[in-house]
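Okay, structure first, notes after.
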Amino acid sequence: MSAQREVRADFDRTSIVMYQAYPDAIADVAVAKQKFGPPFSTGRMTWIKPSFLWLMHRSNWGHKSGQERTLAVRIQRSGWETALGLGVLTAYEPKAHGSPEAWRTAFDAAPVHVQWDPERTLRGAGLPHDSIQVGLGRAIIQRFVEDWIVSITDLTPLVLKLRKHLDTGRAEQASRLLPPEAAYPVSAELVRRLGMRTGP
């Protein structure tokens, strides 16, 4: 049984993959330069997600306007862990924050926001365990762009292939093409800070 909240991702010893969806104008620059640049904005929060299927649910498999292109952004694990260490949950939780006032103060000052949402199946149904998404604020997004990114891969052709399999009732074939994801190790301090828990 999966933990109710755990970080699951495609990762190796030094890096981890985040999934993002963008319009052509941003994706073309990112893939060509292997780095985000205009019209990508560092002036507002950007959300990174290690769950491929959660992003597919969010972008409706690339059908949503402005989310037609799916990118796999491989970043340094050190950067990811820096982000998690600075993160504050988007909602108050007693075990993580102590009091609503303490949470509000921390949230308002946090450069990184962390949110848990139900993980999704291939067909978009909610699962009984949650997937993490991490919002990088203006105070840290430049580090993401300049220092953390290892590579950027356009997964749009894969998304189109998966979508075709699903549209023609071949979910089993689609599932075999999904990017790998495994439980990512986090420290006891991050478990507390991020409100992670197992069981009901």
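The values are calculated or read from the model by the stated rules, or taken from the named source; none is laboratory data. This one's a predicted model, so the numbers in the text were calculated from it and none came from an experiment. Glycine gets a Cβ as well: all are built from the backbone with ideal geometry, and neighbour counts include every protein chain shown. Only protein heavy atoms, including side chains, enter the accessible area calculation; ligands, DNA and RNA are left aside. Shrake-Rupley method; radii C 1.70, N 1.55, O 1.52, S 1.80 Å.
Quick rundown of the values:
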| item | result |
| --- | --- |
| Pairwise centroid distance, computed over Cα atoms, of segment 152-198 with segment 72-95, Å | 18 Å |
| Inter-site label distance for A102 and H129 at 7 Å from Cα along Cβ, in nm | 2.9 nm |
| Whichever lysines have a C-alpha closer than 24 Å to that of K33, once near sequence neighbours (fewer than 8 apart) are set aside | K49 |
| Enclosed volume per residue, in Å³, of the convex hull spanned by Cα atoms of segment 64-127 | 155 Å³ |
| Charge dipole of segment 89-163 about the Cα centre (unit charges at C-beta), most positive-ward option of I152, I140, A106 | I152 |
| Per residue accessible area in Å² of the chain, where ligands, DNA and RNA are left out and the probe is 1.4 Å | 49 Å² |
| Most to least accessible of E93, E101, E189 (protein chains only, probe 1.4 Å) | E101, E189, E93 |
| Distribution of pairwise C-alpha distances over the chain, 5 Å bins, in % | 1, 7, 15, 20, 20, 17, 12, 6, 2, 0, 0 |
| Expected 222 nm ellipticity per residue - DSSP helices of 4 or more, -39500 (n - 2.57), all of the chain, to 500 | -9000 deg cm²/dmol |
| Alpha carbon convex hull of segment 3-42, projected area averaged over orientations, nm² | 4.5 nm² |
| Rounded percent of accessible protein surface that carbon and sulfur make up, segment 1-119, 1.4 Å probe | 52 percent |
| Proximal aspartates and glutamates to K35, defined as alpha-carbon separation beneath 14 angstrom and excluding residues fewer than eight positions away on the same chain | E146, D147, D154 |
| Long-range amide H partners of E6 with built H, under 5 Å | D130 |
